[in-house]
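Below is one structure, written out as structure tokens; the observations come after it.
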Amino acid sequence: MKNIYLDNAASTAILDVAIESMTEALRLYRGNPSSTHRYGRKAKAAIEKARKEIADIFNATPGEIFFTSGGTEANNTVLHSAIKQLGVQHIVTSPTEHPSVKNTIDHIHEYYKIPVTYLEVDSAGRIDLDQLEKVLRDLSDKKTLVSLMHANNETGLLHPIEEIGQLCEKTGALFHTDAVQTVGHLPIDLSDGKISFLSASAHKFNGPKGIGILYIHQDNMIEPFIRGGNQERNVRAGTENVAGILGMARALTYGHEQLQQKRNYVTTLRNYFIGLIEKELPEVKFISQKSNEECMFTILNLYFPKSENTDMLLMNLDLEGISASGGSACNSGAATESYVLEALGWNKGGKSIRFSFSFQNNIEEIDHVVEVLKNNI
Ligand code: PLP
């Protein structure tokens, strides 16, 4: 039996070059980067080199890049610290954000009594920019934070972050984007300052798990969410994950060197999958937008109308060696209903399965998955 991994939105296989960087780092850097002796300085210098590499990729400055334990911590840091320190009085967000944003905003609302406006979304998950503009205009006398993700982790839908950034700039709102599903896959230029905060996570772009990036625009520096020593220029305490940082920088650099090539290849796979589904399984519906302009080329979420087999579908795929996901990325394989799909009106009794691709997949795998689906729905 072949093992076919189509859950790359949940996590990706780490690149050999990243493993090599990490192995070398684990051997070379015994010192604590905060120590002033030569071992400490050597580790610190390696981190700063990685920070510069990452900053260059975003067209940002090294002083705007902070290392966290991943996307969840980056999102928590922005939301908690912006409220406390930048005096945010109102949050604007969508009902389809990742749990690390949604649950944090729920907590902040409950604990700090900060009002939250949820933008309406259509059946694809699109927000209405006119509504956002009106909401921001009405809130122009309040310090407002807009938190809208770049690509949705369940459907792949892309929010227009440039236009959102422009609207935020016009009305003086801060703009946070959770770009965990897009960093390493799409080019993101932060030089125009329209994005105040951006979160990313290495394990979504073939780097190691447990390390991430928080970009903070230089005008919006915040206090730490995790307090302790003064590491990361006093924004994130705790001894740095040196090997993780170096592995992440290597994976991101590699990802950017191959960006267009990977995108073309994976887009071809996704289009091929869409074509086969339309031809062979016309009863299956597309939750994700088919267009690669509007949707991340790495994600295709499909809806299987209820039949006697749909409840077992994900498990049967697994038994056939095919790893995909139901529910959300963090609950891969979990039977819990998705609040995102519910918000889009897909709670119709059938099953949704998210297939997510990488450059490590191929056409033969797609052919096999469609054959297995045909026999199991
Ligand atoms: N945000 C999005 C959109 C995600 O897809 C994920 C992971 O599934 C996260 C945040 C959390 O990132 P991490 O796993 O690094 O905590």
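The values are calculated or read from the model by the stated rules, or taken from the named source; none is laboratory data. Model, not experiment: these values are computed from the prediction. Positions of Cβ are backbone-derived with ideal geometry, glycine not excepted, and every protein chain shown enters the neighbour counts. Remember, those area values only see protein heavy atoms, side chains included, never the ligands or the DNA or RNA. Shrake-Rupley method; radii C 1.70, N 1.55, O 1.52, S 1.80 Å.
General remarks:
- Residues of segment 202-234 that are surrounded by fewer than 16 Cβ atoms within 10 Å (Cβ to Cβ) and on the phi > 0 side of the Ramachandran plot: Gly210, Gly228, Arg233, Asn234.
- Looking at Glu169, Glu120, Glu110, just one residue is of a type in the set (Asp, Glu), under 16 Å from Ile195 (Cα atoms) and out of contact with any Leu (no Cβ under 9 Å at 6 or more places or on another chain), and that residue is Glu169.
- Scanning segment 23-59 for residues that are open to solvent by 60 Å² or more (accessible area, probe 1.4 Å) and basic (Lys, Arg) gives Arg27, Arg30, Arg38, Arg41, Lys42, Lys44, Lys49, Lys52.
- Residue that is within 16 Å of the ligand (Cβ to nearest atom), open to solvent by less than 30 Å² (accessible area, probe 1.4 Å) and under 28 Å from Pro187 (Cβ atoms), where the choices are Ser69, Ser81, Ser100: Ser100
- The number of residues in segment 172-182 that are hydrophobic (A, V, I, L, M, F, W, C) and near the ligand (Cβ under 10 Å from one of its atoms) comes to 2.
- Condition check for Lys52: modelled with pLDDT of 95 or more, in contact with a Pro (Cβ under 7 Å, 6 or more places away or on another chain), more than 16 Å from the ligand (Cβ to nearest atom) and not hydroxyl-bearing (Ser, Thr, Tyr): yes
- Residue within segment 330-352 that is hydroxyl-bearing (Ser, Thr, Tyr), at pLDDT below 95 and closer than 16 Å to Thr155 by Cβ present: yes
- Qualifying positions in segment 237-254 - buried (at least 21 other Cβ atoms within 10 Å of the Cβ) and either among the hydrophobic types (A, V, I, L, M, F, W, C) or modelled with pLDDT under 95 (or both): Val242, Ala243, Ile245, Leu246, Met248, Ala249, Ala251, Leu252
- Of all residues in segment 189-210, those that are more than 13 Å from the chain's Cα centre (by Cα) and hydrophobic (A, V, I, L, M, F, W, C) total 3.
- Residue in segment 15-22 that is under 30 Å from Asp318 (Cα atoms), surrounded by 16 or more Cβ atoms within 10 Å (Cβ to Cβ) and within 16 Å of the ligand (Cβ to nearest atom) present: yes
- Number of positions in segment 198-224 that are touching a Leu at 6+ places or on another chain (Cβ under 9 Å), over 14 Å from Ile14 (Cβ atoms) and either within 16 Å of the ligand (Cβ to nearest atom) or of a type in the set (Gly, Ala, Ser) (or both): 6
- Residue in segment 107-122 that is in a helix (DSSP H, G or I), within 21 Å of His159 (Cα to Cα) and within 16 Å of the ligand (Cβ to nearest atom) present: no
Per-residue answers, yes or no, for (1) open to solvent by 40 Å² or more (accessible area, probe 1.4 Å); (2) touching a residue at least 40 places away in the same chain (Cβ under 8 Å); (3) among the small types (Gly, Ala, Ser):
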{"position": "Leu136", "(1), (2), (3)": "no, yes, no"}
{"position": "Val146", "(1), (2), (3)": "no, yes, no"}
{"position": "Leu167", "(1), (2), (3)": "no, no, no"}
{"position": "Lys170", "(1), (2), (3)": "yes, no, no"}
{"position": "Asp189", "(1), (2), (3)": "yes, yes, no"}
{"position": "Gly193", "(1), (2), (3)": "no, no, yes"}
{"position": "Ala200", "(1), (2), (3)": "no, yes, yes"}
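- Of everything listed in (1) under 30 Å from Glu53 (Cβ atoms); (2) at pLDDT 95 or above, the single unmet condition for Glu278 is (1).
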